[in-house]
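Please treat every number below as a calculation from the coordinates, not as lab data. Given the structure is predicted, the values throughout are model-derived calculations rather than measurements. Don't worry about glycine lacking a Cβ; one is built from the backbone with ideal geometry, like all the others, and counts go over all protein chains shown.
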């Protein structure tokens, strides 16, 4: 299962972490992993250009120190919406947790 956790302080997203594999299908054919990887890595790269710290390795993504500006915060909000959509379609393969303070 892929676990996604988003944290915020005072209504602003500060960091997020995405860990694990969906195990929906075998490696190279897992559409759930591919979808989550594509959208999360895209967001991470955009945030990194804006100053966030990004750690990416096999089955792991962490983004910290997300800038408190409109564009960066919108990127994170849109990532959450997309992950929610994926989780609705594949609830057994992705778990999403969002700190209520920021959402």
Scan the range 89-96 and tell me whether some residue there is out of contact with any helix residue (DSSP H, G or I) (no Cβ under 7 Å at 6 or more places or on another chain) and touching a residue at least 60 places away in the same chain (Cβ under 8 Å). yes
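The rows are residues; the columns are (1) touching a residue at least 24 places away in the same chain (Cβ under 8 Å); (2) in contact with a helix residue (DSSP H, G or I) (Cβ under 6 Å, 6 or more places away or on another chain).
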| residue | (1), (2) |
| --- | --- |
| 14 | yes, no |
| 30 | no, no |
| 34 | no, no |
| 38 | no, no |
| 47 | yes, yes |
| 56 | no, no |
| 64 | yes, no |
| 69 | no, no |
| 74 | no, no |
